[in-house]
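Take a look at the structure below.
The values are calculated or read from the model by the stated rules, or taken from the named source; none is laboratory data. These numbers come from a predicted model, not from an experiment. Neighbour counts run over all protein chains shown; Cβ positions are idealised from the backbone, glycine included. To get the accessible areas, we keep the full protein, side chains included, count just its heavy atoms, and leave off ligands, DNA and RNA. Shrake-Rupley method; radii C 1.70, N 1.55, O 1.52, S 1.80 Å.
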Amino acid sequence: MLQIRFLADTPEHVDQLADWHHAQWQHLYTDWTHEVAKAELLEHAKSRTLPATLVLTEDDMLQGSVSLMETDADALAHIGSPWLASLFVKPEARGKGHGARLVKSMMQHAENIALKELFLFTPEHKSFYEQQGWKAFHQAQLNNQAVDVLRYQITGPKA
């Protein structure tokens, strides 16, 4: 059975997520060590608002996660806040719609806590996010890597 829950409700996943996140994105950040990645996730494991991380499990096995943060990369902080960040689905679980489930769940959470907009950056998955309703906003360099910045305008509940 698939479940999406807050990391605050499943803190036992912090170590695995820190391993995955650091391996996947360390090249984008200067001085972002495994210890820093773990410390960030430990902070997320204390919150269900902002920052927050949602984890997706299937039959109690961790499949992926997505985070909501004030700032994802210091070099992009001037663009706006908050940021959808660290969408990760383990390789053997990809292609099943898990990434879209996680993104939609975090977008709903952002609306529930009355956020008005979200930003994200991606080096290679712009079209995936556009399919989820995000709009291209800016192009930037992050640690010598080209990234697309996208924005999602939260419209609020329909009357």
- [ ] Please calculate how many Å² of accessible area segment 115-159 carries per residue, with a 1.4 Å probe and no DNA, RNA or ligand atoms counted.
- [x] 63 Å²
- [ ] Could you list the square roots of 5 times each eigenvalue of the Cα gyration tensor of segment 1-141, that is, the equivalent ellipsoid semi-axes, sorted largest first and rounded to whole Å?
- [x] 21, 18, 16
TODO: Could you do me a favour and compute the accessible area per residue for segment 11-67, 1.4 Å probe, result in Å²?
DONE: 50 Å²
Task: Principal axis dimensions, segment 96-159 - Cα atoms, whole angstrom, descending - done: 43, 28, 16
TODO: Treating only the Cβ atoms of Lys and Arg (+1) and Asp and Glu (-1) as charged, compute the dipole magnitude of segment 1-130 about its Cα centre; round to the nearest 20 debye.
DONE: 420 debye
- [ ] State the answer as a single residue: which of I154, M106, A140 lies farthest towards the positive end of the charge dipole of segment 102-159, with beta carbon charges of +1 for Lys and Arg and -1 for Asp and Glu, about the Cα centre.
- [x] I154
- [ ] Be a star and scan segment 17-39 for residues whose amide nitrogen sits under 16 Å from the point 7 Å along the Cα-to-Cβ vector of A93.
- [x] 17-22, 24
Open item on the list: How much length would be gained if the chain were fully extended between Q153 and K116, taking 0.36 nm per residue of separation minus their Cα-Cα distance, in nm to one decimal?
Closed with: 12.7 nm
TODO: For the chain, give the percent of accessible area contributed by carbon and sulfur heavy atoms, probe 1.4 Å, rounded to a whole number.
DONE: 49 percent
